[in-house]
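One structure is given below, encoded as structure tokens.
Computed from the coordinates by the stated procedures, all read-outs in this text should not be read as laboratory data. The model shown is predicted, which means the values in this text are computed figures rather than measured ones. Virtual Cβ from ideal backbone geometry, glycine too; neighbours counted across all protein chains shown.
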Protein chains: 2
Amino acid sequence: MRVAVVKNILDANSRIAQENRKLFDRHGLTVINLMSSPGAGKTTLLEQMGNHFGGRLKIGVVEGDIQTTLDAERVAAAGLEAVQIETDGACHLDANMVQNALGNLDLEALDLLVVENVGNLVCPADFNIGEDHKVMMLSVTEGDDKPYKYPLMFRESRVLLISKVDLLPHLRCNIEKIKAAGRAINPDLVIFEISSYSGQGLDDWHNWVQEQIKAT
Amino acid sequence: MRVAVVKNILDANSRIAQENRKLFDRHGLTVINLMSSPGAGKTTLLEQMGNHFGGRLKIGVVEGDIQTTLDAERVAAAGLEAVQIETDGACHLDANMVQNALGNLDLEALDLLVVENVGNLVCPADFNIGEDHKVMMLSVTEGDDKPYKYPLMFRESRVLLISKVDLLPHLRCNIEKIKAAGRAINPDLVIFEISSYSGQGLDDWHNWVQEQIKAT
């Protein structure tokens with residue numbers, strides 16, 4: 001019975017995700033669903049993107065958190081147009097929550113929308129929100145055994161950002177193991193090794209983002 | 001309707017948690033439910049506990065992971081009696097999963113049972129499993145804004161282990177902010193600052209664990 005309930009929820013989510021998808025297409029908007037464990041560095045990366053693309057690309061952000069508007073305040077300070085969803089306990093964003101937030105953004109004026117999901121390496125991978133690309137981030141501080149332990153998100157994602165690589169000298173983490181396991185699960189995974197503190201790898205990531213922007 | 005479904009699931013979970021509770025009491029067994037984000041260091045701490053208590057305390061571990069038996073193999077190698085639950089997608093352990101795993105352990109022979117939950121700072125906090133103490137771990141690499149963003153786990157936990165403090169010199173993380181916010185949410189929170197690599201704070205944690213062991 002519980003399985004049937006979950007299936008109904010996912011079916012309803014898919015329908016709304018398709019509506020979101022049509023809305024994004026109508027506005028020629030590229031949409032990224034950014035997911036990771038808590039504290040992997042999603043918001044810090046968005047601040048870097050705000051600095052890098054400032055003026056050239058108009059970026060909107062939908063922030064998902066269980067509570068607080070801290071992240072929306074941070075990315076707004078970096079020049080991005082931000083809306084905060086407080087999920088009030090829910091462990092992921094679904095298509096309906098995102099749809100309800102979209103009315104607060106001028107979609108026609110945006111080139112890129114990033115939905116920063118709730119920090120959780122499990123549940124967000126189950127819920128399409130109408131995005132073009134799922135992008136996941138894994139911090140090297142989380143260890144090199146994560147792809148096999150949390151396979152769904154690696155399977156669903158188009159891009160894996162391996163973050164905080166500046167900390168590698170202080171950790172027992174073999175980044176080659178992460179990359180090999182990620183590609184074993186998802187051979188098409190595009191991988192960037194980045195550090196928002198040192199700046200390593202950010203150019204490659206920003207170039208990839210630029211290439212995804214739809215001609216309008 | 002969805003709320004009612006969740007309530008039914010939680011009610012059913014509570015009933016089974018009470019059964020587990022009675023079983024643990026009958027065996028005079030102390031039970032810790034250990035929770036954190038992915039990669040905060042739960043398994044590495046269990047390895048340290050195996051080394052520290054080896055011979056003196058008999059410790060059993062129920063490992064919860066979405067897939068793989070990697071963690072059970074690691075803690076078994078550290079001398080702990082381990083059972084692995086593969087949740088096959090589920091983002092948390094519930095009382096029923098734990099109950100099904102208990103048949104694989106000699107509860108009467110154990111002094112302490114640690115249930116290492118699925119790496120997830122959100123969902124595990126909702127599900128009692130019949131434990132004596134919820135213990136949460138937060139790595140300093142996750143940043144100092146986490147208590148207010150994930151309040152339920154901080155509210156439900158008896159102990160907060162702030163892990164990986166050896167990395168603090170390399171991070172922009174104010175550990176005093178974590179402690180203040182944690183105590184604002186839960187004034188009774190017992191806090192230990194630890195590093196399984198440097199050994200800092202482990203004696204205090206081990207002493208706390210020893211004090212919780214029931215006289216049998």
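When segment B:93-111 is examined, which residues are found to be among the polar types (S, T, N, Q) and more than 15 Å from B:R15 (Cα to Cα)?
Matches in segment B:93-111: B:N104 only.
Please give the helices (runs of 4 or more DSSP H) falling wholly within segment A:125-216 in which 1 or more residues are in contact with a Pro (Cβ under 8 Å, 6 or more places away or on another chain).
Qualifying helices (runs of 4 or more DSSP H): A:146-149, A:151-156, A:175-185.
If only one of A:T68, A:T44 is assigned to a loop (DSSP other than H, G, I, E, B) and surrounded by 15 or more Cβ atoms within 10 Å (Cβ to Cβ), which one is it?
After applying the criteria, what remains is A:T68.
For every residue, the table says whether it meets (1) in contact with a strand residue (DSSP E or B) (Cβ under 9 Å, 6 or more places away or on another chain); (2) touching a residue at least 12 places away in the same chain (Cβ under 8 Å).
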| site | (1), (2) |
| --- | --- |
| A:T44 | yes, yes |
| A:N51 | no, yes |
| A:R56 | no, no |
| A:V83 | yes, yes |
| A:E86 | yes, yes |
| A:M97 | yes, yes |
| A:A101 | yes, yes |
| A:D111 | yes, yes |
| A:N117 | yes, yes |
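Out of curiosity, is B:K42 closer than 28 Å to B:K149 by Cβ and of a type in the set (K, R)? So that I can check it myself, show each step before the final result.
On the way: closer than 28 Å to B:K149 by Cβ: yes; of a type in the set (K, R): yes.
Yes, satisfied.
So that you can scan it fast, the table gives a plain yes or no per residue for (1) away from every other protein chain (no Cβ under 14 Å); (2) touching a Lys or Arg at 6+ places or on another chain (Cβ under 8 Å):
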| position | (1), (2) |
| --- | --- |
| A:N13 | no, no |
| A:P38 | no, yes |
| A:A82 | yes, no |
| A:I85 | no, no |
| A:A90 | no, no |
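Which residue pairs have Cβ atoms under 6 Å apart, sit 6 or more places apart or on different chains, and have a first residue in segment A:174-198 that is at negative phi and touching a residue at least 24 places away in the same chain (Cβ under 8 Å) and a second that is surrounded by 15 or more Cβ atoms within 10 Å (Cβ to Cβ) and among the aromatic types (F, W, Y)?
The qualifying pairs are A:A181/A:Y148; A:G182/A:F154; A:I185/A:F154; A:N186/A:F154; A:F192/A:W205; A:I194/A:W205.
Look through segment A:153-171, keep the residues that are in contact (Cβ under 8 Å) with a residue 40 or more places away in the chain and within 11 Å of another protein chain (Cβ to nearest Cβ), and return whichever of them is surrounded by the fewest Cβ atoms within 10 Å (Cβ to Cβ).
So in segment A:153-171, the residues in contact (Cβ under 8 Å) with a residue 40 or more places away in the chain come out as A:153, A:157, A:159, A:161, A:163-164.
Subset that is within 11 Å of another protein chain (Cβ to nearest Cβ): A:153, A:163-164.
Working: A:M153: 25, A:S163: 27, A:K164: 28.
This residue is A:M153.
If only one of A:V118, A:V98 is within 12 Å of chain B (Cβ to nearest Cβ) and buried (at least 17 other Cβ atoms within 10 Å of the Cβ), which one is it?
A:V118 is the lone residue from the list that is within 12 Å of chain B (Cβ to nearest Cβ) and buried (at least 17 other Cβ atoms within 10 Å of the Cβ).
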